[in-house]
Structures are given as structure tokens and as C-alpha cells.
Amino acid sequence: MQGEVECVNVADMEYISTRGSGPPVSSKKAIIKGIAEDGGLYVPSDFPFLGPDPFFECGQSSYADKAAKILRAFLTDYLEKELISACQAAYAENFDSPLTVPVRFLKDGTAVLELWHGPTLAFKDIALQLMPHLLSVALQSEREKYEVVILVATSGDTGKAALEGFADVQGVRIFVFYPHEGVSEIQRLQMATQLGRNAGVCAVQGNFDDAQNGVKQIFSDPTINKKLAGFNFQLSSANSINWGRLAPQIAYYFTGYDEMVAAGKIKRGQPILICVPTGNFGNILAAYYAIKCGLPVSRLLCASNRNKVLTDFIRTGIYDRRREFYKTESPSMDILISSNLERLLFELAGRQSAVVCEWMGKVTSQGWYSITPDALSPLQSCFYGGFADQLETLQAIRETFRNQGYLIDPHTAVGYRVLQRYREETRDRAPALLTSTASPFKFNRAVLEALGRNTSGEDEFTLLKELAIISSQPVPSKLAELKTLPELHKGICAKDEMAKVLCQFLGME
């Protein structure tokens, strides 16, 4: 692959910006800062070699111990006991599966990596239950005197997961922006009812890209940052642009592979396919990084919904956000500007920051860019891009339930359909690991409609009960309780009011 970095055993990992300015920083500094001063994203200076069996010394260890094993290779300035303690605190009773991220094997042979057993029923919990512990250790050891302000733009799941993880964490405040009428009702209620004296939430008139752009502008505005510093605040992020969000996601691809070996579905060292429904490109990027560390994977399948900017990019090498934005039944993927793609571009460009800056400048100024043939070839050899429209998504939910006896949410359904299409097009029968990113109960209306139910006029809680009956599964308690919780966060603002809203929340106005 163009720009392939030699995998080495890294003693002291440093982090560099994709845009080339500024000195390398430690993992603790990278997690505290979130984004580099030059607007770039932090990436590892090297990739440690972990191989296909990083847990051979762990035996029947818990997921927490295995996650700590992977993270030790990346977060080298943390003490081993700090990582073990953080992982054990993060992956405990708050997950409803003793395996934390269990693998379910379907009748057709597909291995489904269930990432939604945490408190908010979405894959973001895997990182955001851990990140507050990592940040707390970093702040203590770096002897920082300021309060960290976690600023988040969410397309639905990240916001609640971040709020849940950071609520009432000492020395931290968190504020979340989400697109007004751009998330599911369950997602909205999860955020609107969030407790925590340090937590704030506001809807933005616009789509997710508007919210994300607004957050980026706040991060890069020197006037706002100077004002924040005057009040002893420093911004950081809980989106997957923060290395503290991305690194924990690498671990579950290794454990998923390990479960496939343990179940006798593959032999150790045998390459697999990994299919990931993605919008902001963080989840699939973690799988790509796992490959660079030695996980045997023959192809990554990047699954998009109708907002198929990533599919088109992988197939043509042209990233063009100048297109109609669609609100779909898989709202966490309703994204046209995939922030984490910049990290992949850095590798495709041979780690040449000037090239990355050129591409990022073009997408900002003209709305599109085109990568070189030397970059396109390794992109297409590693990634397959596919998408599923609304009809295909609902059909995948229906067929998976009827034929496999397994209920999936719309995001997972997009991935399942793209995996089917990939097999049809390529005849590649390699064993596949499909990431399931959310509980079907979070998207009850879309799931019930896929199963042929008329949901018009029914409220969310009636639908939850109906889905429980159909699936023979109880309504998750974290969703059932939303009916009785008061809505604490009802604010709505224009795109150009986001900085003002944040300052008001922080008591700066």
C-alpha cells in the first residue's frame, strides 16, 4: 500500500498531526487536546505489530483485560495498571453482556459483532465509557489546571454516549449539538433527558454536517479560544476525531477475530472480511488500523446509506460533498463530510502532510477533491464501497429476521445488504465479520415498518412494547425509563449561534 508504515514494536508512541505543523505529542496530550493546533488529526507515529494472536498470554481473560492489552501498544505513556484499571471500570455492570462485545453467528455463516450492549445501546459506548477514565488520568498526570470542555457534534449516538460517559466527571464539562429533527425520537429523548450538572445539549437548525462544521469553527476560532482560556477552559472533543475515542475501537476487531477462531469458524491467521456501516469513517478506520497492526483481513467493506459520498469516493477517487443530503432511517450515517477520512488520506498520501492539506483545502473551498492514481490503487485494493437505499435497508431487516431469526437495526441492515452485494459481485466467500452498531430497539419505528407493521400515530413507547413482543426480547430498561424522565434540554439554535450558546452554557456571557 502507498505510504505503508513499517509495523514495529513501539516503546514510546508519539502522535503527529495529519497536517504537519507542530511537534509530536504523547498520547495523553493528544487525548486532552483532541485536535492539533493546525486543525489536523493526531495519528500514531508508528504502528505496533500485534499479529493475529495478541491475546495468547491472556487465556480466558475478560474483554477489559484484552482491551488493555491492545491499548498498551498505543498509549505508551500510561502505566499498565492505569490502563487495566480504566478498562475494568469502563467495561463492567454497565454492559448487559458478560462478553461486552459478543459475536453472534447467523445461519448463513456471517459473524455479527454486537457492539451495542452498553448503557446507550450503541457502539459509541465501547469508547465513551472508557475515554473519561483515560482523560482523567491524563489530566492528573499532566497537572493541568484548567477545566476541559468536551464539545460534540452528533448524528445521534455519539452525543448520548458522550453525555453518559462524562456526566458529572470532575474537571470536565460537556456540551452536545445535534441536528434538529435529524435524529430518531429515541435518540433525541436520550439526550434531552440527560442528567449531570456539567452537561448541556442543544439542537441545531440544519443537518449533521452543519453541526459538525459549527463545532470545527469553534475549535479553530482564535478569538473564542482566547476567551475560553481567560475563563480557564480548554476545548477537547469526544468525537472519533479524538484519539481517545478511536483507539479503544481497535481492540474489538481483535477480540471479534479471536471469537471467530474460538468458535471454529476460521483458523488462526486466516484472512477475513470486515463489513462496517459507517458515516464519519471512525469505526472502519479502527479496523484499518487493526490491519496495519497485523490483523488478518483481506478486504474492508465500507457500507453507506443513501448519502453515499464514501461509496463514490472509494469507487472513483473523487470526494464530492456537493450533493443532496438525505434524511434516512439510519440517521447516524446521514453524513456528507466524513472527518476521519483525513487520517486515511494521510496514509494514502504516503504521510505527506502537504498533500493532505491540499485535499482538505479543496473540499473546504470548492466542495470536492480528487486523489492521485497512486493513492486510488491501494484504496481500492483494501476497501470496497457499497450502499443500500431505504427499500434495500428495510428488506434486509425483514429478511434477516425471517430467514436468520435475528433482528437488526437499520444501520446494521445497511452493512448486511452491502455484504450480500459484495459477495454477489465478487464471488468472494471469505468468512465475514459484520459490525452491528446499534440495538434495533433504538430504531423501533423503522424496524417495525420493515416487518410490515403500520406505525403511524403510535408513540415510541407503544412501539417499543410491540417490538418486544415480536422479538421475544424485553424492552431495554434504559429506553423504557425515558417515558418517565423529564426533558431537561429543549434548546434550538441557528448554525451561527452555536458559539454563543456554548458561551452561555459556560457562564461566559
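Of all residues in region 430-451, how many are closer than 13 Å to PRO277 by Cβ and either free of Cβ contacts under 8 Å to residues at least 60 places away in the same chain or among the hydroxyl-bearing types (Ser, Thr, Tyr) (or both)?
3
Which of the residues spanning region 321-354 are hydrophobic (A, V, I, L, M, F, W, C) and touching a helix residue (DSSP H, G or I) at 6+ places or on another chain (Cβ under 8 Å)? I'd like the intermediate steps shown before the answer.
Start the filter on region 321-354 by keeping residues that are hydrophobic (A, V, I, L, M, F, W, C), which leaves 325, 333, 335-337, 341, 344-346, 348-349, 354.
Within region 321-354, PHE325, MET333, ILE335, LEU336, ILE337, LEU341, LEU344, LEU345, PHE346, LEU348, ALA349 qualify.
Name the strands (runs of 3 or more DSSP E) wholly within region 175-279 that hold at least 2 residues that are more than 24 Å from LEU115 (Cβ to Cβ)?
Values: elements: 199-204, 233-237, 272-277.
The qualifying strands (runs of 3 or more DSSP E) are 199-204, 233-237.
Pairs needed: first member in region 128-151, under 30 Å from TRP116 (Cα atoms) and in contact (Cβ under 8 Å) with a residue 12 or more places away in the chain; second member anywhere, among the small types (Gly, Ala, Ser) and surrounded by fewer than 17 Cβ atoms within 10 Å (Cβ to Cβ); C-beta distance under 7 Å; at least 6 residues apart or different chains.
As it stands, the answer is HIS133/ALA89; LEU139/GLY171; VAL148/GLY171, since those pairs meet every condition given.
Kindly evaluate GLY317 against the criterion of being on the phi > 0 side of the Ramachandran plot and touching a Leu at 6+ places or on another chain (Cβ under 9 Å).
Details: on the phi > 0 side of the Ramachandran plot: yes; touching a Leu at 6+ places or on another chain (Cβ under 9 Å): yes.
Yes.
Do we find that ARG421 is under 22 Å from the mean Cα position of the chain (by Cα), under 22 Å from ASP312 (Cβ atoms) and of a type in the set (Lys, Arg) in this structure? Working first, answer last.
Values: under 22 Å from the mean Cα position of the chain (by Cα): no; under 22 Å from ASP312 (Cβ atoms): yes; of a type in the set (Lys, Arg): yes.
So ARG421 fails the test.
Under the condition of being small (Gly, Ala, Ser) and either in contact with a His (Cβ under 7 Å, 6 or more places away or on another chain) or more than 16 Å from ASP53 (Cβ to Cβ) (or both), which residue from region 242-281 is modelled with the lowest pLDDT? Spell out how you get there, then give the answer.
Going residue by residue through region 242-281, those that are small (Gly, Ala, Ser) are 244, 247, 251, 256, 262-264, 269, 279.
From what's left, either in contact with a His (Cβ under 7 Å, 6 or more places away or on another chain) or more than 16 Å from ASP53 (Cβ to Cβ) (or both): 244, 247, 279.
Working: GLY244: 96, ALA247: 97, GLY279: 91.
Selected residue: GLY279.
Exactly one condition in (1) assigned to a helix (DSSP H, G or I); (2) out of contact with any helix residue (DSSP H, G or I) (no Cβ under 9 Å at 6 or more places or on another chain) is false for GLY507; which is it?
Among (1) assigned to a helix (DSSP H, G or I); (2) out of contact with any helix residue (DSSP H, G or I) (no Cβ under 9 Å at 6 or more places or on another chain), GLY507 violates only (1).
Take the residues in region 173-228 that are surrounded by fewer than 20 Cβ atoms within 10 Å (Cβ to Cβ) and of a type in the set (S, T, N, Q), then tell me which one is nearest to GLU481 (Cα to Cα).
THR193
Being modelled with pLDDT of 95 or more and not hydrophobic (A, V, I, L, M, F, W, C) is the filter; apply it to region 186-196 and report the residue that is farthest from ASP157 (Cα to Cα).
Of region 186-196, the ones modelled with pLDDT of 95 or more are 188-196.
Now drop any that are not not hydrophobic (A, V, I, L, M, F, W, C), which leaves 188, 190, 193-194, 196.
Working: ARG188: 10, GLN190: 9, THR193: 14, GLN194: 13, GLY196: 18 Å.
Top of the filtered list is GLY196.
Inside region 32-52, can you point out the residues that are among the hydrophobic types (A, V, I, L, M, F, W, C) and modelled with pLDDT under 95? Walk me through it before giving the result.
Start the filter on region 32-52 by keeping residues that are among the hydrophobic types (A, V, I, L, M, F, W, C), which leaves 32, 35-36, 41, 43, 47, 49-50.
Hits for region 32-52 are ILE32, ILE35, ALA36.
Please find, within region 360-407, the residue that is surrounded by the fewest Cβ atoms within 10 Å (Cβ to Cβ) out of those that are closer than 21 Å to GLY279 by Cα and in contact with a Ser or Thr (Cβ under 7 Å, 6 or more places away or on another chain).
It comes out as GLN390.
Can you name the condition, by its number, that LYS265 falls short on among (1) closer than 18 Å to LYS500 by Cβ; (2) surrounded by fewer than 24 Cβ atoms within 10 Å (Cβ to Cβ); (3) in contact with a Gly (Cβ under 9 Å, 6 or more places away or on another chain)?
Against the list (1) closer than 18 Å to LYS500 by Cβ; (2) surrounded by fewer than 24 Cβ atoms within 10 Å (Cβ to Cβ); (3) in contact with a Gly (Cβ under 9 Å, 6 or more places away or on another chain), LYS265 comes up short only on (1).
I need the full set of residues from region 471-509 which are touching a Lys or Arg at 6+ places or on another chain (Cβ under 9 Å), surrounded by 14 or more Cβ atoms within 10 Å (Cβ to Cβ) and either β-branched (Val, Ile, Thr) or without any contact (Cβ under 8 Å) to a residue 12 or more places away in the chain (or both), in order please.
Of everything in region 471-509, just one residue is touching a Lys or Arg at 6+ places or on another chain (Cβ under 9 Å), surrounded by 14 or more Cβ atoms within 10 Å (Cβ to Cβ) and either β-branched (Val, Ile, Thr) or without any contact (Cβ under 8 Å) to a residue 12 or more places away in the chain (or both), namely VAL475.
So if I check each of SER155, SER97, which one is under 26 Å from VAL276 (Cα atoms) and either touching a strand residue (DSSP E or B) at 6+ places or on another chain (Cβ under 6 Å) or crowded, with 24+ Cβ neighbours inside 10 Å (or both)?
Details: SER97 fails: either touching a strand residue (DSSP E or B) at 6+ places or on another chain (Cβ under 6 Å) or crowded, with 24+ Cβ neighbours inside 10 Å (or both).
Testing whether each residue is under 26 Å from VAL276 (Cα atoms) and either touching a strand residue (DSSP E or B) at 6+ places or on another chain (Cβ under 6 Å) or crowded, with 24+ Cβ neighbours inside 10 Å (or both) leaves just SER155.
Yes or no: region 298-313 includes at least one residue that is more than 29 Å from ILE397 (Cβ to Cβ) and touching a residue at least 12 places away in the same chain (Cβ under 8 Å). Give the derivation first.
Taking region 298-313 as the starting set, the residues that turn out to be more than 29 Å from ILE397 (Cβ to Cβ) are none.
No, because not a single residue in region 298-313 is more than 29 Å from ILE397 (Cβ to Cβ) and touching a residue at least 12 places away in the same chain (Cβ under 8 Å).
The values are calculated or read from the model by the stated rules, or taken from the named source; none is laboratory data. Note that the structure is a prediction, hence the values are computed from the model and not measured. No Cβ is skipped: glycine too gets one built from the backbone with ideal geometry, and neighbour counts run over all protein chains shown.
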